[in-house]
Amino acid sequence: MDKYLYWLANVNGLGTACRERLLEAFGTGAAVYGAQEKHLAMVLEKGKAEKLLQGRTKWDVDREFEELLEKQISFVCTAEAAYPERLRNIPDHPFGIYYRGRMPQSRKLAVAVVGARECSDYGRFIATELGRELGIAGVQVISGMARGIDGISQLAALEAGGESFAVLGNGVDICYPKGNQPIYDRMLAQGGILSIYPPGTAPKPQLFPPRNRIVSGLADVLVVVEARQKSGTLITVDMALEQGREVYAVPGRITDRLSDGCNKLVREGALVFLSPRDFMEGLRQSFPEKLACCAARQTRPAGGPALPPITPEEAVVLEALDLYPQPLERIREQLQVKLTERGFHSFSKNLLTILMRLCLKGVAKQNSPGWFSLDL
């Protein structure tokens, strides 16, 4: 974390393109900070050069940076490798992100779940089931931690032992809404709290639409659970489509006003969310490599039973299993792929016997004769 980049992000009147142009010209944040007026004038228009000089005199870089560290808040900008790769290529990407906890991993699949604050029991059920399945599968859940669908899906993912990241419409040092403090606290340990706004920024209505582009920008896929026909959620959908993200919508009854927005999205070509299982299969087809990086067996729901001891041969077979049932021959093929990757040619053990042992240990299950899957 660079204190001069933090300073540059807080100079008023400069956009992302202007800040990046300065770094391209001078090389580092420190060089920008120490640049002479005549050199700044070669890169910036007169008015912006004056704003930069004013920012240099009004800001105590060392004191402000120390206060940031004391609050346990981190900052990353586009000039640093830790900046989220997904955000680099979206239109109007932010120069910097403030965060507590950690940032989402670019190599792992991320799904944004958004929807109505005043959701129905139907929406609550879908958000809970979806969040839980994503958490179990190790898929990162992105949302705004708002009341309703956002917070429900994120809490379900966390309770399933997964990771979730909240993008706030205020500073990361403020929990909003206050009723989601338990989710906020838990997310610090199992994910992160992110914002494009400096610490101390209070939540205001005009700050939320700009943050929505970060919610969709950090995700590979957006799922809309419930939304009225005129809803802020649909702003996020527009941004996701502009960013080239896949959009799923949960359909509902035509008489249900909370489903008007989702039904309209389906009519306009959004992918239809039919069930968590169907959705996960779609992800498996669209993002096989990213989904493979989501360690489905590394965590269990908090307070859940510990995994029983697994032998090395059982571990290899376990890796060949999927979240959904596969026939014995398909599992054998997957196992052969795993062995080939490790330089082995065959598996001499009785596969069916090992699968039955895994079932007895509670980490696999036989769904029907000859068909097995992970038991999560």
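The values are calculated or read from the model by the stated rules, or taken from the named source; none is laboratory data. Computed from a prediction, not measured in an experiment: that's the story for all the values here. Note: ideal-geometry Cβ built from the backbone for every residue, glycine included; neighbour counts use all protein chains shown. Keep in mind that these areas ignore ligands, DNA and RNA; they rest on the heavy atoms of the full protein, side chains included. Shrake-Rupley method; radii C 1.70, N 1.55, O 1.52, S 1.80 Å.
In table form, for the structure just shown:
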| read-out | value |
| --- | --- |
| C-alpha center-to-center spacing [region 215-260, region 1-76] in angstrom | 37 Å |
| Counted charge near L53, where neighbours are those whose Cβ lies closer than 14 Å (Asp, Glu -1; Lys, Arg +1) | +3 |
| Solvent-accessible heavy-atom area per residue, rounded to whole Å², over region 231-276 at 1.4 Å | 51 Å² |
| Vicinal HN-Hα couplings computed from phi for region 102-116 (Karplus, 6.51 cos²θ - 1.76 cosθ + 1.60; Hz; Gly/Pro x) | 9, 8, x, 8, 5, 7, 9, 5, 10, 10, 8, 10, 9, x, 5 |
| For region 195-201, 3J(HN,Hα) per residue [Karplus equation, 6.51 cos²θ - 1.76 cosθ + 1.60, θ = phi - 60°, Hz, x = Gly/Pro] | 7, 8, 9, x, x, x, 5 |
| Overall form of region 224-274 per C-alpha gyration tensor (a/c, 1.5; a/b vs b/c) | oblate |
| Rounded to 5, percent antiparallel among DSSP beta bridges of the chain | 40 percent |
| Residue-span extension gain [N12 to Q206] - 0.36 nm each, minus C-alpha spacing | 68.1 nm |
| Within a Gaussian network of the chain (alpha carbon springs, distance under 10 Å), most fluctuating of Y248, Y122, Y98 | Y122 |
| 5 angstrom amide H check on G161, placed H, neighbours 5+ away | A302 |
| For D322, residues with placed amide H under 5 Å, excluding near neighbours | L374 |
| Charge dipole of region 60-131 about the Cα centre (unit charges at C-beta), most positive-ward option of M103, A82, V114 | V114 |
| Candidate lysines for bridging to K230, where Cα separation is under 19 Å - those fewer than 8 sequence places away on the same chain excluded | K264 |
| Residue-count net charge about Y197 - beta-carbon cut-off 10 Å; Lys, Arg +1, Asp, Glu -1 | +2 |
| Spatially proximal lysines relative to K58 (Cα-Cα < 18 Å; intrachain offsets below 8 disregarded) | K3, K48 |
| For F125, solvent-accessible area (1.4 Å; no DNA, RNA or ligand), Å² | 120 Å² |
| Residues of region 57-116: accessible area per residue with a 1.4 Å probe, Å² | 46 Å² |
| Positive-pole candidate from S153, P199, A35, dipole of the chain, charges at beta carbon | S153 |
| At 1.002 mPa s and 20 °C, Stokes D of region 13-128 from Kirkwood alpha-carbon radius, µm² per second | 123 µm²/s |
| Relative contact order computed over the chain (Cα-Cα under 8 Å; 6+ residues apart), in percent | 13 percent |
| Amide H contacts under 5 Å for V167, placed H, 5+ residues apart | S143, G144, M145, L194 |
| Carbon + sulfur, % of accessible area of the chain - ligands and nucleic acids excluded, 1.4 Å | 52 percent |
| 222 nm mean residue ellipticity, helices alone, for the chain (DSSP H n ≥ 4; -39,500 (n - 2.57); rounded to 500) | -13000 deg cm²/dmol |
| Largest to smallest accessible area among I174, I193 [probe 1.4 Å] | I174, I193 |
| In sequence order, calculated HN-Hα J values of region 7-14 (Karplus, 6.51, -1.76, 1.60; Hz; x Gly/Pro) | 4, 4, 5, 9, 7, 5, x, 10 |
| Student exercise, the chain dipole from Lys, Arg, Asp, Glu Cβ charges, in Debye to nearest 20 | 240 debye |
